[in-house]
Every structure is written in structure tokens, then in C-alpha cells.
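Novice: Before I ask anything, let me first share the structure, which is written out below as C-alpha cells.
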Amino acid sequence: MTVELSSDTVTGLGFFNGEGYRIGQVGSFVRIPLGFVELYGVVSHVGAGAAPESDEEHKAYGNRWVKVQMVGEGQRGGRFERGISQHPTIEDRVYIVTEANLLAIYGSGDPQDFVSIGHLASAESIPSLVNINKLVTRHSAVVGTTGSGKSTTVAGLLTALSDSSRYPSSRIVVLDIHGEYGKALADRASVFVVSADAAKNQTPLHVPFWALSFEELVTLAFGKLSDAQLGVVADMVVQLKKEGLTSQPRDGVDPLRVTVDTPIPFCLHKLWFELHKREHHTLIPRPGTASDEVDPAYVLDANGQPVQLGDAMSVTPPLYRTIKTTGPAPERVQQSRDIIGIRQQLAGLASKLRDPRLAFIFNPGDWLPDIDGKTVKDLDAVLEGWIGSPRPITILDLSGIPSSILNELIGALLRVLYDAVFWARNLPEGGRERPLLIVLEEAHAYLSKDNSGSAALAVRRIAKEGRKYGVGMMIVSQRPSEIDSTILSQCGTIFAMRLSNDADRGHITSAASDNLKGLFDMLPVLRTGEAIVVGEAVSLPVRTLVTPPPIDRRPDSVDPRVVERGNENVGFDGPGGWGQRRDPNDYKPMVRQWRRQSPHYEHVSPAVDTAAQPTPKKV
């Protein structure tokens, strides 16, 4: 609706009870009393007529107006509700919203249901409260360009949500793509890292391959297979899982109901070994028998013994003789008739089984099945570490994961977490009694509009179904325009920080639950750490200054300083930079860290050459 500004507001500044208020400022609130109900709206546009069309419209200070978007109403007794039951009419009076009105709106409700994330940009004395029930289960998104304070805001939100004095049973899982949050949340988070450092309270990350669905496993282990090849592999996987149940029975599992997707341990090394033999083995006629009786054609040594029978657990293949179709019949070597044409995929799987970078999934420590399918630990230990830790936050640091499998791995992690909470929804560990919040960092990297990978499928499922089963997600991205609009539109609350790109702003405007295009036009001029919060978790759309955590507990995403202030006499504000003299260069540690594939530097004392030391004299 359009509201005409009174001539008393020509200065743009009004006073009430000794407090000054900016009148007609974009993003400010207005109040319209209608009997026992007060309607509230947000100023989205401000303007003035260039010239009156007739003398009757001539006014001393011009035709000044504001456009207001209605957002809610205050009921009798001060209770605020989103949405409006009636509309204003022509000539209704419109008033500014005072600090007392804001306090009644934002300070209402049970404090246990709300968490403070900062204060209102227009009133520092009023905390900006977010409804934790709506924030967690109705999903949320934190978006902002690089350098807008996005990671610091997320760290501040997680710090508030994991306050043990208020929420002793909170549980949050962070998928940390760049390893930024381990330092910021060290006092309240369990950190799982591929290359773990025990001195920094880090735990090795293990993702048992047998917990994945068959489709996820095939994508990670084999790549693309035809339908016929998938059928053969699926039958062998089911058989190996049944063998694993025979050697180590699992509670609640009927061997007759085991499917290819049942999370039962089986030996992937044995699967590779059996498939390798099927694809590569050659045959020779068995001496003194019928022509249809054959033996494996192993490469023999001088004593007539096989040179290499192979070993599944060490990924060592057997050596077979090459095909020979000429010469006497006993010397001919035939090709096996059981091949399915997956030699290239098996070579790739063998390479992955040997690759130490992928050991966290194909060689998962105590969860690695032996040749019979037995494991030291079961999935309950994995889930207890991820969502049952004594600490409220679990950080899965994926910074050491090869980018080629990142999408599939994230999809597998999300599906494992969601399936576990889904099937346990009626248990105390399930999501209905103890909801789970999953934070997805750098979501644009694997949730793009054109991405049909397992990560996007898993997130779409959580976005559509997670609310009913207590699984919420928080999407964090610097390029919201690259995220699938279906996923973004399911986010009930949006924390929009500084965004300069038109496409990004348009994407957020269309995804927001409130029709506040004028408010989102302010995104390019927001300060660092400032956000416009809209959606179900806030009473009114609000412009908030988010309270950052202490400097020593902020994410490891601060921009490097090119030049530090100071000089050599009084010192510099920090180490490094272009303005300080360089120390003698030594690039050996750089190469050492590169080869270790780890950013955690361990100082190594140079070796002392004892031969060059003088021999001590006898006294």
C-alpha cells in the first residue's frame, strides 16, 4: 500500500518520549491501529512526485510518499502474529513504530524458544531474536558474497545454538568443505578429519563403504556400469552380505530379507578379487579328462607351481597365461566365457583400494570387513560419534577429500544421517525427540540447478521431508543463484548478507517467504556482519547486526593482510605481508606439506651431523 507523508515529517526525523526516529526510511516499520488490532508493515520504497498535476495537488513540501508491505498484526494483549486478518482503508492514520513497540514484538514469547543472534540495526538495545523451533526444522539459508561476514555469522549462530546451559541436548552436524570451523568451535565440537591430528582433538573420519546404498557404492567404486553388469555385481554383493551375516550375525536382520542396499558389512576386496578372476582368468584342458573339463591357466615357475595366486586383502591379482589358440590341444589357452566386460572398472577399483587418500572410505579402520565380512565395530559406533557425541556440534572436515568424489561422498553422508534418524524417528535417539541440524557449507558447489548427483538428491529429500522427522538443514553459499531454486525455496528463514550480483539478489527475492523486494534492494550496501533476516523464524523481517564470536574463535576464513601497519622500530600489527623484510627462504617445508597433503605443519629439527663435530678431548 502507499502512505502519504505528513507535512510534520518534512525533516525526516521525529521525536517520541525523548527518542529520535528516522521517518520513512527503507526497512523501517510502521504501525496502523484498527480498533483492538494493530497492523504492522515494512517500508519498502520511498519517493516523491516531481510536480503536481493540478493546483489542487500542490503541497508545500511536494508529494512525498512511502510504500509499505504488510507483514503481521498485534493482537489484544500485545501478542504478535504473522499475516493479517484485515486490511487498512483509505485515510487510516499510520504511525512510526517506537522502541517500546519493537520490544513488544521481538521480546515476546518464551525466551527458551528464542535465541539472540545480535541486535536490531535500528535499535542497539533490542536483541534480534530467532525462533529456534522454526529455524531448525523449517530449514534456513545464509547467503552473502565473499567478505560479507558469512562464515563468522554461521559461527555465531552455531555458538548460540550450542549453548550447553540453555540447550544441553542440541546436536548439529557441519559438513565443512574448507576446514574453517574446527578452530572457531573447538571448545564445543568434535572434529572428524581424514588426516586427523590427535593433539588438536581431531578424530579420524571413517565412512564405511558398506553403509552406502548400492547406487552410491557403484558410483564411487566402479563408475558407470550397464544394466547387465549392474545385475551381476548386485547379485554378488547380496551373496557376500549374506555370507557376512553367517559369519557375524547382526541383531534384527533376517538373511532372507537382505537386499543390495541393506547396510550389512561385506568384503569389497573379495568382491574385487572374484570379479577380477571372472574377467581375467584363462583356462587349459585338464590332462587325461574330457575336453570340457578345464583348469585355471596360471603362470607357472620352473617347478611347475603358480607364480602368483593373488591375495584379495592386499589387492594382488593372480597371474594368468595369455590366450593361445594354436598348437597342440593340451597347450591351448582359452578365454573364460563368464566375462561381463568390466576390466577397466576393476582396474580403477583396485587403484582406489590402494589409494591412501581414499582409505577413509575403502579401508575404514575398525569398520573394514575381513575376508569373511567380520568387523571390529558396527554402524552404531559411527552414528554415536557423528550425532551422539557428548559435544553438541560435530564437524566433518572434508577439506582433504579429492574433489572428484566430493559430490557423491556428501550425498552418501547425508543419506546415512537421514536414513538413521528417519528409521529411528520413534526412538529417543531419533529426530522427533531430538532434532538434528545439518549445516551445508559452500552449498553451491554441489547443489547447482544442473546437478543431478547424489548430494542434490539427498538435499532435496531432506528439504521436502526432513521437517516431519526432525531433520533440518542450513544452506550456506556465496552464489545463491547457482543453487537449485527447488531447494532454496524450501528454506523457511533466510539470512541475506551483502550481495552485489543482480542474479543472486533476484534468486533470494523470489525464494523469500515475504514479498519485500524493496528491502532486498538494500543488500549491496549492507555492512560486514549485517544481515536482513526474513522468514518464519523471525516475527518481522529485520535488519540485524550479528554478534560475532571472539576474535580467537572465528572461522579460518579471514582475508590475508597484504600490508600490516607499523614499522621495524615499533613493530607491526601482525606477521607477514609485503611491507616487512623477508626472512631467509626455505621451501623444503612447503614441499613437505604438499607431499603430506596436510596444512598442519609440524616443526622438524634439522639433523645434526655428528661426523662434523670435533671429538671432545679427554681430561
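Novice: Once you have the Kirkwood Rh of region 329-398 from its Cα pairs, apply Stokes-Einstein at 10 °C and 1.306 mPa s and quote D in µm²/s. Don't skip to the answer; put the middle values down first.
Specialist: Details: Rh = 16.1 Å.
After rounding, the answer is 99 µm²/s.
Novice: Shifting gears a bit: Quick check on packing: order 530-542, 26-38 by the mean number of other C-beta atoms within 10 Å, highest mean leading. Walk me through the intermediate numbers first.
Specialist: Details: 530-542: 24.4, 26-38: 16.5.
With the highest mean Cβ count within 10 Å placed first, the list reads 530-542, 26-38.
Novice: Let me ask something else about it. Going highest first, how would you order 305-311, 42-48 by mean Cβ packing within 10 Å?
Specialist: Details: 305-311: 12.7, 42-48: 17.6.
In descending order of packing, they fall as 42-48, 305-311.
Novice: Bin all alpha-carbon pair distances of the chain at 10 Å intervals from 0 and give each bin's fraction as a whole percent.
Specialist: The percentages, shortest bin first, are 3, 13, 19, 19, 15, 12, 9, 5, 3, 2, 1, 0, 0.
Novice: In units of 2.2 N^0.38 Å, what is the alpha-carbon radius of gyration of region 124-187? Please report the intermediate quantities before stating the final value.
Specialist: Details: Rg = 12.9 Å, N = 64, 2.2 N^0.38 = 10.7 Å.
This ratio for region 124-187 stands at 1.21.
Novice: How long, wide and thick is region 368-418, going by the Cα atoms along their three principal axes, in whole angstroms, largest first?
Specialist: 32, 32, 20
Novice: Separate question: Accessible area of the chain with a 1.4 Å probe: how many percent of it is carbon plus sulfur? Can you show the working numbers first?
Specialist: Numbers: 16640 of 32710 Å².
On the chain, the fraction of accessible area on carbon and sulfur atoms equals 51 percent.
Novice: Another one. Suppose R0 equals 35 Å; then what is the FRET efficiency for residue 527 and residue 6 from their Cβ-Cβ distance, rounded to the nearest 0.05?
Specialist: On the way: r = 31 Å, r/R0 = 0.88.
In this case the efficiency is close to 0.70.
Novice: With a 1.4 Å probe and every protein chain left in place, work out the accessible area per residue of region 266-342 in Å², rounded to a whole number.
Specialist: Here the residues of region 266-342 average 57 Å² of exposed surface.
Novice: Quick one: compute a quarter of the convex hull surface over the Cα atoms of region 199-331 and quote it in nm². Walk me through the numbers before you get to the answer.
Specialist: Numbers: hull surface 56.5 nm².
With every direction weighted equally, the projected area is 14.1 nm².
Novice: For the residue pair residue 278 and residue 592, what label-to-label distance in nm results when each label sits 7 Å from Cα along the Cα-to-beta-carbon direction?
Specialist: According to this spin-label approximation, the distance is 4.8 nm.
Novice: At residue 572 and residue 366, where each label point lies 7 Å from the Cα along Cα→Cβ, what is the point-to-point distance in nanometres?
Specialist: 4.7
Novice: Something else about it: Could you pull out every one of the lysines with an alpha carbon less than 27 Å from that of residue 277, ignoring same-chain neighbours closer than 8 positions?
Specialist: Of all the lysines, those that pass the test against residue 277 - Cα under 27 Å, at least 8 places apart if same chain - are 224, 241, 242, 324, 352, 374.
Novice: Here's something else I'd like to know. If R₀ is 41 angstrom, what is the calculated FRET efficiency for the pair residue 460 and residue 323, using the beta carbon separation as r and rounding to 0.05? Intermediate results must be reported in sequence, preceding the final value.
Specialist: Details: r = 49 Å, r/R0 = 1.19.
The pair residue 460/residue 323 has a calculated efficiency of 0.25.
Novice: Let me ask another. Over the Cα atoms of region 136-268, what radius of gyration and what Dmax do you get, in Å?
Specialist: 20.6, 57
Novice: So for region 283-421, considering every pair of alpha-carbon atoms, how many percent are separated by more than 21 Å?
Specialist: Details: 6040 of 9591 pairs.
For region 283-421, the share of Cα pairs beyond 21 Å comes to 63 percent.
Novice: Between 194, 462, 281, whose Cα lies farthest towards the positive end of the dipole of the chain when Lys and Arg beta carbons carry +1 and Asp and Glu beta carbons carry -1, centred on the Cα centre?
Specialist: Value: 281.
Novice: Right, here's the next one. Mean shadow of region 434-518, computed from the convex hull of its alpha carbons, in nm²? Each step should come with its number before you reach the end.
Specialist: Numbers: hull surface 23.0 nm².
Mean projected area for region 434-518: 5.8 nm², to one decimal.
Novice: Just flag the trypsin sites (Lys or Arg not before Pro) in region 92-155 sitting in loop per DSSP whose Cβ has no more than 16 other Cβ atoms within 10 Å. Show your work: numbers first, answer last.
Specialist: Numbers: sites: 93, 134, 138, 150; in loops: 93, 138.
Sparse-neighbourhood loop trypsin sites (Lys or Arg not before Pro): 93.
Novice: For the chain, take the longest principal axis of its alpha carbons; what is the angle in degrees between that and the long axis of helix 502-511, to the nearest 10 within 0 to 90?
Specialist: Taking the Cα atoms of the chain, the angle to 502-511 is about 80 degrees.
Novice: Compute the separation of the alpha-carbon centres of region 380-409 and region 517-582 and state it in Å as a whole number.
Specialist: A separation of 28 Å, based on Cα centres.
Novice: Please report, in debye to the nearest 20, how large the charge dipole of the chain is about its Cα centre when each Lys and Arg carries +1 at its beta carbon and each Asp and Glu carries -1 there.
Specialist: Working: 65 positive and 72 negative charges, 238 e Å.
The calculation lands at about 1140 debye.
Novice: Could you compute how fast region 235-290 diffuses translationally, taking Rh as the Kirkwood radius over C-alpha pairs and applying Stokes-Einstein at 37 °C with viscosity 0.692 mPa s? Give it in µm² per second. Numbers along the way, then the final one.
Specialist: Working: Rh = 13.3 Å.
Approximately 247 µm²/s, per Stokes-Einstein.
The values are calculated or read from the model by the stated rules, or taken from the named source; none is laboratory data. None of the values given here were measured: they were computed from a predicted structure. A quick note on method: Cβ atoms are made from the backbone with ideal geometry, for glycine too, and the neighbour counts reach across all protein chains shown. Heavy atoms of the whole protein, side chains included, go into the accessibility calculation; ligands, DNA and RNA do not. Shrake-Rupley method; radii C 1.70, N 1.55, O 1.52, S 1.80 Å.
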